[in-house]
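Beneath this line is the structure, given in structure tokens, with notes to follow.
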Amino acid sequence: MKKVTIYTDGACSGNPGPGGYGVVLIYGSHRKEISDGEALTTNNRMEMMGVIKGLQMLKQPCEVEIYSDSKYVVDAIEKGWAIRWKQNGWKRNKKEEALNPDLWEEMLALLEKHKVKFNWIKGHAGHPENERCDELARAAIYMAR
């Protein structure tokens with residue numbers, strides 16, 4: 001399996017408001033950057049879209065390291081919350097609905113195709129790839145308005 005590293009970030013101007021995501025994909029000496037935005041969204045949705053779009057770029061099953069500054073995304077996958085929410089009919093508990101089930105469904109389906117490890121990194125802490133993703137995401141906000 002090819003080993004790929006994906007860095008992602010999402011941003012929103014207002015929450016909800018216009019938002020964007022940025023992705024940096026690295027495979028060996030190859031690098032690809034993508035970004036896009038939506039006129040009305042939330043920060044968490046943009047964080048999730050970054051992961052989804054990064055995984056969609058992969059043409060075959062890969063071993064993937066994903067780096068995100070979103071505890072929401074990293075913990076939901078690494079701690080098994082998203083799978084449990086799905087098993088419970090997209091409920092976090094007996095009273096509370098899980099948010100963003102459409103994107104969780106899409107992400108979980110993509111994760112089945114690859115061997116993926118999520119890693120949390122502190123945002124705005126000088127990590128070059130995370131900073132680049134943030135730049136891409138923030139630029140996409142203005143394109144989405």
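The values are calculated or read from the model by the stated rules, or taken from the named source; none is laboratory data. The structure displayed is predicted, hence computed values, not measured ones. Please note: Cβ atoms are built from the backbone with ideal geometry, for glycine as well, and neighbour counts cover all protein chains shown. Only protein heavy atoms, including side chains, enter the accessible area calculation; ligands, DNA and RNA are left aside. Shrake-Rupley method; radii C 1.70, N 1.55, O 1.52, S 1.80 Å.
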**Prompt:** Pick the calculated percent of Cα pairs over 25 Å apart for this structure from (i) 39; (ii) 24; (iii) 47?
**Reply:** (ii)
**Message:** Counting heavy atoms of the protein chains only and a 1.4 Å probe, report the per residue accessible area for the chain as a whole number of Å².
**Reply:** 54 Å²
**Request:** With springs connecting C-alpha atoms under 10 Å apart, model the chain as a Gaussian network and identify which of 45, 132, 84 has the largest mean-square fluctuation.
**Result:** 84
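What pairs from 32/79; 59/79; 2/59 go past 19 Å between their alpha carbons? It would help to have the intermediate numbers written out before the result.
Values: 32/79 29 Å; 59/79 27 Å; 2/59 11 Å.
Going by Cα-Cα distance, 32/79; 59/79 fall outside the 19 Å limit.
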**Asked** Taking the Cβ of residue 116 as the center, what net charge do the other residues with Cβ under 12 Å away carry, scoring Lys and Arg +1 and Asp and Glu -1?
**Response** 0
**For residue 70, residues with placed amide H under 5 Å, excluding near neighbours** = 121
